[in-house]
Amino acid sequence: MQIVLNGKPFEIKENATVGDLLQELDLQGKLAVEINREIIPRSTFRSRPIRAGDEIEIVHAIGGG
Amino acid sequence: MNTEVIKEDNPLSFAGGTFHSRLLVGTGKYRDLEETRRAIEASGAEIVTVAIRRTNIGQDKNEPSLLEVISPDNYTILPNTAGCYDAESAIRTCQMARELLDGHTLVKLEVLGDEKTLFPDIPETLVAAEKLIADDFQVMVYTNDDPVMAKRFEELGCIAVMPLAAPIGSGLGIRNPYNIRTIVENAGVPILVDAGVGTASDAAIAMELGCDGVLMNTAIAGADDPVLMASAMKKAVEAGREAWLAGRIPRRAYATASSPIDGTFF
């Protein structure tokens, strides 16, 4: 199924959770995830399902003033 | 030999912490993370700003991340809302920052109003500040050098007010020292000059005006030798602070002789 990940179309398997997505992307360290503008607590990554068309943002801290 | 102990300054107390450094630094515009690390170490800063941005999907996994180099265990991380032009995106950014920093509520709120000057959009900043404070964030607010607005942000519940010295990244120094001084005189919360510092003397002037601290990024990261400039800024902030505590002499239009007039033999 297709989702929008960080502003771009992204293909992911059906019934995937946020945890599955992060694993597939091999993203570690401190990050935050938003689905359709709702913040997803880290504790629910493994259980939170992703649905077709979801707009997902994954952010982290970078250099800035 | 003079062994007199110099009067010790009180640390900067706010945001539930005490800070011995009054220099706050950003982490943007450095060549690489190693230069970031070295410059921030040389600055002596304890509070360090970061930006919140999208992760690069498909990035090099072995590349260290900023928070591995500037660890929240060693520094107080101050996420900013740079790049936000409305209250909504600034609030979203703060909420994301709180989540990724495990519930950390200290934020630097900046809502910009103009791409050319990066001057703040005050009405939007007020809306964002009010909502963030209601949501238990500790808000350090970037604002212009307007004493009325500075007081308004304090009354709203911001834990620190950070007037600009000059436009972000401009290096023009303190363009309106009289306003900064008025803001300091009126303040019941820490006042930090944020943005516009170009070199060490600018930082010293901010502190000589009575500011509680200075926040800067470009002045260090953009210098030819960022690590050396970070060290210079550390000393300038300390020197300016001591000069403020010591109490400078008044300015006079004419000379007053340093050597006694009595006892001349000629």
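Filtering region A:42-65 to residues that are at the interface with chain B (Cβ under 10 Å from one of its Cβ atoms) and β-branched (Val, Ile, Thr) leaves A:ILE58, A:VAL59, A:ILE62.
Considering A:VAL18, A:VAL33, A:VAL4, the condition of being more than 7 Å from chain B (Cβ to nearest Cβ), open to solvent by 20 Å² or more (accessible area, probe 1.4 Å) and β-branched (Val, Ile, Thr) is satisfied by A:VAL4 alone.
Applying a threshold of 7 Å to beta carbon distances and a minimum spacing of six or more residues, or different chains, the list of pairs starting in region B:13-42 at a residue that is within 10 Å of chain A (Cβ to nearest Cβ) and ending at one that is open to solvent by 50 Å² or more (accessible area, probe 1.4 Å) reads B:LYS29/B:GLY222; B:LEU33/B:PRO64. Highlighted here are the strands (runs of 3 or more DSSP E) found entirely within chain A that include at least 3 residues which are over 10 Å from the mean Cα position of the chain (by Cα): A:8-11, A:55-63. Applying the criterion of being more than 18 Å from A:GLY63 (Cα to Cα) and among the small types (Gly, Ala, Ser) to the residues of region B:97-130, the residue that is farthest from the other protein chains (Cβ to nearest Cβ) is B:ALA129. Which residue is most open to solvent (accessible area, probe 1.4 Å), if the candidates are limited to region B:133-159 and must be over 18 Å from B:GLY16 (Cα atoms), in contact (Cβ under 8 Å) with a residue 24 or more places away in the chain and part of a helix (DSSP H, G or I)? This residue is B:ARG152.
What about B:VAL237, is it farther than 15 Å from B:SER43 by Cα and either in contact with a Leu (Cβ under 9 Å, 6 or more places away or on another chain) or of a type in the set (Asp, Glu) (or both)?
Taking the combined requirement at face value, the residue does not satisfy it.
Residues of region B:43-62 that are modelled with pLDDT of 95 or more, more than 10 Å from every other protein chain (Cβ to nearest Cβ) and open to solvent by 20 Å² or more (accessible area, probe 1.4 Å): B:GLY44, B:GLU46.
Taking the criterion of being open to solvent by 10 Å² or more (accessible area, probe 1.4 Å) and farther than 17 Å from B:ILE47 by Cβ, the residues of region B:188-216 that qualify are B:GLY188, B:GLY198, B:THR199, B:ALA200, B:SER201, B:ASP202, B:ALA204, B:ILE205, B:GLU208, B:LEU209. Select from region B:63-96 the residues that are under 22 Å from A:GLU34 (Cβ atoms), open to solvent by less than 70 Å² (accessible area, probe 1.4 Å), part of a loop (DSSP other than H, G, I, E, B) and more than 10 Å from chain A (Cβ to nearest Cβ) and list them in ascending order. B:CYS84, B:ASP86 - these are the residues of region B:63-96 that are under 22 Å from A:GLU34 (Cβ atoms), open to solvent by less than 70 Å² (accessible area, probe 1.4 Å), part of a loop (DSSP other than H, G, I, E, B) and more than 10 Å from chain A (Cβ to nearest Cβ).
For B:ARG175, the conditions (1) among the charged types (D, E, K, R); (2) within 12 Å of chain A (Cβ to nearest Cβ); (3) under 19 Å from the mean Cα position of the chain (by Cα) are fulfilled apart from (2).
If you go through region B:169-216 one residue at a time, how many are in a strand (DSSP E or B) and not charged (D, E, K, R)?
Keep residues of region B:169-216 that are in a strand (DSSP E or B), which gives B:191-194, B:213-216.
With not charged (D, E, K, R) added as a condition, the list becomes B:191-193, B:213-216.
The number of residues fulfilling the criteria is 7.
Candidates B:ALA243, B:ALA219: the one that is of a type in the set (A, V, I, L, M), out of contact with any Cys (no Cβ under 6 Å at 6 or more places or on another chain), assigned to a helix (DSSP H, G or I) and surrounded by 18 or more Cβ atoms within 10 Å (Cβ to Cβ) is B:ALA219.
May I ask you to verify whether A:ILE39 is facing chain B (nearest Cβ under 10 Å) and either more than 23 Å from B:ALA51 (Cα to Cα) or of a type in the set (Val, Ile, Thr) (or both)? Taking the combined requirement at face value, the residue satisfies it.
Among residues that are β-branched (Val, Ile, Thr), open to solvent by 30 Å² or more (accessible area, probe 1.4 Å) and assigned to a loop (DSSP other than H, G, I, E, B), B:ILE249 is included.
The values are calculated or read from the model by the stated rules, or taken from the named source; none is laboratory data. As the structure is a prediction and not an experimental result, all values here were calculated from the model. Backbone-built Cβ (ideal geometry, glycine too); neighbour counts: all protein chains shown. We work out accessible area using only protein heavy atoms, side chains counted, and drop any ligands, DNA or RNA first. Shrake-Rupley method; radii C 1.70, N 1.55, O 1.52, S 1.80 Å.
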